[in-house]
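The structure is given below, and queries will be raised subsequently.
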Amino acid sequence: MKDFKNKVAAITGAASGMGRTLALDLASRGCHLALSDVNEAGLAETAAMAGKLGVRVTTARLDVAKREAMFAWADQVVADHGKVNLIFNNAGVALGAFVETVKPEDFQWIMGINFWGVVWGTQAFLPHIKKAGEGHVINTSSLFGLLASPTQGTYNASKFAVRGFTEALRQELDLEKCGVSATCVHPGGIRTNIARDARMDGSLNAKTGADAEAARSRFDKALNVTTAESAARQILRAVARNQRRVLVGPDAKILDLMVRLFGSWYQPVSAFVARKIMVG
């Protein structure tokens with residue numbers, strides 16, 4: 001898909017961050033939008049901003065972890081817009097916790113949004129996109145879908161799962177030759193609210209001596225590498241070029257290269273950097 005004009009894109013997590021900048025960038029290219037999020041106030045702001053660019057915008061409050069709600073939204077998008085060409089499974093959350101002591105409800109929460117939200121979004125929208133005759137599935141993994149980091153085991157699990165799921169999906173679409181493709185997105189540090197809004201387990205303090213709020217602040221600064229606007233441009237360029245994978249930001253590219261060069265020996269380096277960020 002080289003031209004987004006008069007296409008219809010559905011975006012989850014559109015109230016802020018990359019979801020919002022993707023919406024605004026697409027709107028500036030003449031793409032109509034179906035936006036969703038659990039944050040209704042932020043969602044309304046995104047919709048108002050995008051609507052000023054002359055495209056049709058619809059919104060829905062949506063918990064992506066709920067399968068039935070996702071399928072109902074996909075049907076509603078087609079009812080409202082007549083078709084859908086792109087689904088950006090972008091909604092995501094973060095959790096800092098040790099694997100040994102992570103609370104089951106926290107693990108289920110992050111997997112529900114980061115992984116099952118991607119699965120349900122793909123399954124709900126793909127038949128409609130195929131019916132439109134051309135389109136793309138864009139699933140957001142992470143730099144942490146390429147390498148692991150201590151205290152990020154649950155986040156790693158969700159994002160590695162998105163990577164495997166999307167790479168298998170892309171190959172299946174290649175086999176079908178149905179006019180639909182898929183791209184897996186691996187952002188590095190993006191200037192969004194994900195670190196500030198992350199859940200931080202009490203085990204971080206007990207096991208490392210780190211202050212959870214101070215660690216959150218340091219992680220937020222470490223992630224302040226690429227603007228959300230730049231990330232959106234890189235993602236849409238990758239979609240237009242039909243790339244299988246897009247590494248967003250210089251940190252994603254550098255660390256991906258480190259993993260390729262050093263194999264599992266990247267892990268001591270990752271652990272050292274993570275401790276510096278956590279403890280200071």
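Out of all the residues in the range 96-117, which are of a type in the set (Gly, Ala, Ser) and either closer than 13 Å to Thr12 by Cβ or within 18 Å of the chain's Cα centre (by Cα) (or both)?
Filtering the range 96-117 for residues of a type in the set (Gly, Ala, Ser) gives 96-97, 112, 117.
Across the range 96-117, the qualifying residues are Gly96, Gly112, Gly117.
Right, something else. Among strands (runs of 3 or more DSSP E) lying entirely in the range 1-70, which contain 1 or more residues that are under 24 Å from Pro187 (Cα atoms)? Don't jump to the end; show me each part of the working.
On the way: elements: 8-11, 32-37, 57-61.
Ranges flagged: 8-11, 32-37.
For the range 125-157, enumerate the residues that are under 17 Å from the mean Cα position of the chain (by Cα) and under 30 Å from His32 (Cβ atoms).
Matches in the range 125-157: Phe125, His136, Val137, Ile138, Asn139, Thr140, Ser141, Ser142, Gly145.
Go through (1) more than 20 Å from the chain's Cα centre (by Cα); (2) outside any loop (DSSP other than H, G, I, E, B) and name the single condition Trp120 misses.
Of (1) more than 20 Å from the chain's Cα centre (by Cα); (2) outside any loop (DSSP other than H, G, I, E, B), only one is false for Trp120: (1).
On to the next question. Scanning for something crowded, with 20+ Cβ neighbours inside 10 Å, within 18 Å of Ser141 (Cα to Cα), in contact (Cβ under 8 Å) with a residue 60 or more places away in the chain and among the hydrophobic types (A, V, I, L, M, F, W, C), does the range 63-85 turn up at least one residue?
no
Conditions (1) part of a helix (DSSP H, G or I); (2) touching a Ser or Thr at 6+ places or on another chain (Cβ under 8 Å); (3) among the aliphatic types (A, V, I, L, M), marked per residue:
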residue	(1), (2), (3)
Val239	yes, yes, yes
Ile254	yes, no, yes
Leu257	yes, no, yes
Phe262	yes, no, no
Trp265	yes, no, no
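Next question, about the same structure. Hey, does the range 196-209 have a residue that's small (Gly, Ala, Ser), modelled with pLDDT of 95 or more and surrounded by 15 or more Cβ atoms within 10 Å (Cβ to Cβ)? Outline the logic, then answer.
Pass one, the range 196-209, residues small (Gly, Ala, Ser): 198, 202-203, 206, 209.
Still in the list and also modelled with pLDDT of 95 or more: none.
Looking for residues that are small (Gly, Ala, Ser), modelled with pLDDT of 95 or more and surrounded by 15 or more Cβ atoms within 10 Å (Cβ to Cβ), one finds none in the range 196-209, hence no.
Further question on the same structure: Taking Thr59 as the residue in question, decide whether it is closer than 24 Å to Ala240 by Cβ and either surrounded by 23 or more Cβ atoms within 10 Å (Cβ to Cβ) or touching a strand residue (DSSP E or B) at 6+ places or on another chain (Cβ under 7 Å) (or both).
Working: closer than 24 Å to Ala240 by Cβ: no; either surrounded by 23 or more Cβ atoms within 10 Å (Cβ to Cβ) or touching a strand residue (DSSP E or B) at 6+ places or on another chain (Cβ under 7 Å) (or both): yes.
Criteria not met by Thr59.
Kindly indicate whether any position in the range 35-45 is modelled with pLDDT under 95, surrounded by 14 or more Cβ atoms within 10 Å (Cβ to Cβ) and not hydroxyl-bearing (Ser, Thr, Tyr). It would help to see each step written out before you state the result.
Within the range 35-45, the subset modelled with pLDDT under 95 is none.
No, the conditions are met nowhere in the range 35-45.
For the range 86-115, which residues satisfy the criterion of being among the hydrophobic types (A, V, I, L, M, F, W, C), outside any helix (DSSP H, G or I) and crowded, with 16+ Cβ neighbours inside 10 Å? Working first, answer last.
Step one: filter the range 86-115 for residues among the hydrophobic types (A, V, I, L, M, F, W, C), giving 86-88, 91, 93-95, 97-99, 102, 107, 109-111, 113, 115.
With the extra rule that they be outside any helix (DSSP H, G or I), the set shrinks to 86-88, 91, 93-95, 97-99, 102.
Once the filter is applied, which keeps residues that are among the hydrophobic types (A, V, I, L, M, F, W, C), outside any helix (DSSP H, G or I) and crowded, with 16+ Cβ neighbours inside 10 Å, the range 86-115 yields Leu86, Ile87, Phe88, Ala91, Val93, Ala94, Leu95, Ala97, Phe98, Val102.
Does Leu255 satisfy the criteria of being at pLDDT 70 or above, under 18 Å from Thr12 (Cβ atoms), in contact with a helix residue (DSSP H, G or I) (Cβ under 8 Å, 6 or more places away or on another chain) and crowded, with 18+ Cβ neighbours inside 10 Å? Please lay out each step first, then the result.
Values: at pLDDT 70 or above: yes; under 18 Å from Thr12 (Cβ atoms): no; in contact with a helix residue (DSSP H, G or I) (Cβ under 8 Å, 6 or more places away or on another chain): yes; crowded, with 18+ Cβ neighbours inside 10 Å: yes.
Criteria not met by Leu255.
Among Val55, Val99, which is over 21 Å from Gly121 (Cα atoms) and at pLDDT below 95? So that I can check it myself, show each step before the final result.
Working: Val55 fails: at pLDDT below 95.
Answer to the selection: Val99.
One line per residue, one yes/no per condition, for (1) of a type in the set (Asp, Glu); (2) at pLDDT below 90:
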position	(1), (2)
Glu229	yes, no
Val239	no, no
Leu247	no, no
Leu261	no, no
Ser264	no, no
Phe272	no, yes
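The values are calculated or read from the model by the stated rules, or taken from the named source; none is laboratory data. These figures come from a predicted structure and were not determined experimentally. Neighbour counts run over all protein chains shown; Cβ positions are idealised from the backbone, glycine included.
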